[in-house]
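To keep things clear, I will list the structure first and then write my remarks on it.
The values are calculated or read from the model by the stated rules, or taken from the named source; none is laboratory data. Just so it is clear, the structure is predicted and the values come from calculations on it, not from any experiment. All Cβ positions, even for glycine, are placed from backbone atoms using ideal geometry, and neighbour counts span all protein chains on display. Areas reflect the complete protein model, heavy atoms only, side chains present, ligands, DNA and RNA absent. Shrake-Rupley method; radii C 1.70, N 1.55, O 1.52, S 1.80 Å.
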Amino acid sequence: VIEALPEGYEAYALSANSSYKLLAEQARRYKPRYIAITNEDYARQLGESVRDLDIEVLSGPEALTQIAQLEDIDIVLTAVVGVVGLDAVLAAAKKGKRLAIANKEPLVVAGELLTKTAKENGAEILPVDSEHSAIFQALQAGCADEVERIILTSSGGPFRQARFDQIENATVEQVLSHPVWSMGPKITVDSATMMNKALEIIEAHWLFGVEVERIEVLIHPESVVHSFVEFVDGSVVAQMAAPDMCLPIQYALTYPSRVAGIAKRLELDELSRLTFEKPDLGRFRALSLGYDVAHAGGTAAAVFNAANEAAVGEFLAGRIKFINIVELIEDCLNKHNVKTGANLQELLDADAWARDQVKKSISRHQRKSTKV
Ligand code: MG
C-alpha cells in the first residue's frame with residue numbers, strides 16, 4: 001500500500017513475530033530504519049540476513065513498544081494477534097501518534113483504557129478492520145449525536161445456511177473454507193462461529209462511543225457493503241468497495257485525504273444483487289454473548305477474547321469439536337468476576353486466567369470421558 005502511495009509515506013520500522021525471512025525481504029526492499037522481531041529465536045538469523053544493510057535490528061516482546069514510541073514516527077499500524085501488542089499500542093497512544101488498528105485486541109480487550117489514553121494524549125484511533133473503516137467513512141455524513149444506529153455487515157461465514165447437526169460436527173477443513181475473504185486460520189474460525197462479529201460489536205462500541213443497543217448485525221453474503229450508519233432523519237449511508245483490505249489500510253494512512261491506490265475496484269454492473277438478512281441468534285450463540293460482554297465492560301471482553309483464542313487453538317489442533325468453542329467461552333464468562341476500570345496488568349491477568357480456564361475445562365472433560 002505504501003509503495004503505491006504518492007511521496008510522503010515511508011515505512012520507518014517494520015516488525016514480525018517469527019516470519020524473519022519475509023521481514024528480511026521487506027527490509028531489503030523498503031529500507032526501514034528499524035526492524036523488530038518479537039520471537040527471540042529468530043533474532044540471530046534476521047540479523048545475519050540484513051547484515052549488509054544499514055538497519056537496526058531489535059528483538060523480544062519489548063521491541064514493539066520501542067518502535068511504537070520512536071519520535072520520527074507519525075502513524076503506528078498494528079496487526080498483532082493476541083495481547084502481546086497492547087503495551088506498544090498504549091505507548092504509541094501516550095505519544096499522541098495516529099493509531100491504525102487492524103487487529104481487534106486493542107479495542108476489544110483494552111477499549112476503555114485505550115480510548116481514554118488516546119483522548120488524554122491527543123492520539124487518533126483509526127480503524128483498519130473493514131467494517132469499522134466503512135462505519136468511520138459513513139459517519140462523516142453527519143454528526144455524532146445524529147447517529148440512530150450502526151449496522152455491521154457479516155458474510156455469515158461458511159455455516160450461514162447449514163443445519164445444526166452439520167455445524168456441530170464441522171471439520172477443520174469445512175470451517176476453513178471461507179466464501180469471500182481469504183484470512184488466517186484463527187480469523188476464519190472466528191468467522192464460522194461469528195465470534196468475529198461479536199468482537200466487532202465490542203470494537204465498534206469503544207471506537208465510536210456508541211451504545212451497545214444502537215449496534216446491529218446484518219448478514220450480507222456478497223460482502224460488498226462493508227457496513228452502514230443510519231442517521232436520525234432516516235438516511236442510511238453505506239460504504240461499498242470490492243473486498244480488499246488494501247483500501248481500509250490506505251484510508252487509515254491517508255485520512256482525511258483520499259488518493260488513488262492499489263485497491264481492487266468494484267464493478268457495479270457485474271453485481272446481480274445484494275442481499276441482507278437478520279442473523280439467527282439461536283444458531284450463532286457467540287453473537288448474543290458479544291452483546292452481553294459489551295454491556296458488562298471491564299475485564300469481560302479480555303476473558304471473551306482470550307477464551308476464544310485458546311478454544312480456537314484447541315479446535316485447530318483437533319482436540320475439541322467445533323461447537324465446543326463457544327461452549328467453552330460461555331463457561332469461562334460464567335466463572336469470571338468482572339472487574340471494571342481495569343489497568344493493563346489486570347487485563348493481561350484476565351487474559352491469562354481465561355486461557356488457563358479453557359485448558360482446565362478440556363482436561364476435566366477428558367478425564368471424565370476416560371472414566372466412562
Ligand atoms: Mg472485520
Before we move on, is residue 138 touching a His at 6+ places or on another chain (Cβ under 6 Å) and either within 16 Å of the ligand (Cβ to nearest atom) or aromatic (Phe, Trp, Tyr) (or both)?
-> no
Region 321-347: number of residues that are over 27 Å from residue 282 (Cα atoms), out of contact with any Lys or Arg (no Cβ under 9 Å at 6 or more places or on another chain) and open to solvent by 50 Å² or more (accessible area, probe 1.4 Å) | 5
With the first residue restricted to region 188-203 and required to be under 16 Å from residue 324 (Cβ atoms), and the second required to be surrounded by fewer than 24 Cβ atoms within 10 Å (Cβ to Cβ) and aromatic (Phe, Trp, Tyr), Cβ contacts under 6 Å at 6 or more apart or on different chains are 192/159
Select, from 281, 268, 316, the only residue that is surrounded by fewer than 16 Cβ atoms within 10 Å (Cβ to Cβ), more than 29 Å from residue 213 (Cα to Cα) and of a type outside the set (Val, Ile, Thr).
-> 268
Boolean, residue 10 is under 25 Å from residue 261 (Cα atoms) and assigned to a loop (DSSP other than H, G, I, E, B) = yes
If we scan region 46-64, do we find a residue that is in a helix (DSSP H, G or I), out of contact with any helix residue (DSSP H, G or I) (no Cβ under 7 Å at 6 or more places or on another chain) and open to solvent by less than 20 Å² (accessible area, probe 1.4 Å)?
-> yes
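Kindly check whether there is at least one residue in region 34-42 that is under 23 Å from residue 3 (Cα atoms), within 27 Å of the chain's Cα centre (by Cα) and open to solvent by 30 Å² or more (accessible area, probe 1.4 Å). Quick ask: steps written out before the conclusion?
Just the residues of region 34-42 that are under 23 Å from residue 3 (Cα atoms), to begin with: 34-37.
Among the residues that remain, those that are also within 27 Å of the chain's Cα centre (by Cα) are: 34-37.
Narrowing further to those that are open to solvent by 30 Å² or more (accessible area, probe 1.4 Å): 34.
Checked region 34-42: at least one residue is under 23 Å from residue 3 (Cα atoms), within 27 Å of the chain's Cα centre (by Cα) and open to solvent by 30 Å² or more (accessible area, probe 1.4 Å).
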Return yes or no: is residue 260 open to solvent by 10 Å² or more (accessible area, probe 1.4 Å), touching a Phe, Trp or Tyr at 6+ places or on another chain (Cβ under 7 Å) and away from the ligand (no atom under 15 Å from the Cβ)?
-> no
Of all residues in region 185-213 being open to solvent by 20 Å² or more (accessible area, probe 1.4 Å) and more than 14 Å from the ligand (Cβ to nearest atom), which is nearest to residue 106 (Cα to Cα)?
-> 206
In region 103-128, residue surrounded by the fewest Cβ atoms within 10 Å (Cβ to Cβ) [restricted to those that are within 13 Å of the ligand (Cβ to nearest atom) and modelled with pLDDT of 95 or more] | 128
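Can you say whether residue 273 is more than 16 Å from the ligand (Cβ to nearest atom), at pLDDT 95 or above and among the basic types (Lys, Arg), as far as the supplied structure shows? Quick ask: steps written out before the conclusion?
Numbers: more than 16 Å from the ligand (Cβ to nearest atom): yes; at pLDDT 95 or above: no; among the basic types (Lys, Arg): yes.
No: the conditions fail for residue 273.
Any idea which of 237, 232 is closer than 16 Å to residue 138 by Cα, modelled with pLDDT of 95 or more, buried (at least 17 other Cβ atoms within 10 Å of the Cβ) and aliphatic (A, V, I, L, M)? Break it down stepwise before answering.
Working: 232 fails: buried (at least 17 other Cβ atoms within 10 Å of the Cβ).
On inspection, the qualifying residue turns out to be 237.
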Only one of (1) away from the ligand (no atom under 16 Å from the Cβ); (2) buried (at least 23 other Cβ atoms within 10 Å of the Cβ); (3) in contact (Cβ under 8 Å) with a residue 40 or more places away in the chain; (4) of a type in the set (A, V, I, L, M, F, W, C) is not met by residue 150, so which one is it?
-> (1)
Is it true that some residue in region 285-305 is at pLDDT below 95 and either out of contact with any Cys (no Cβ under 6 Å at 6 or more places or on another chain) or in a loop (DSSP other than H, G, I, E, B) (or both)?
-> yes
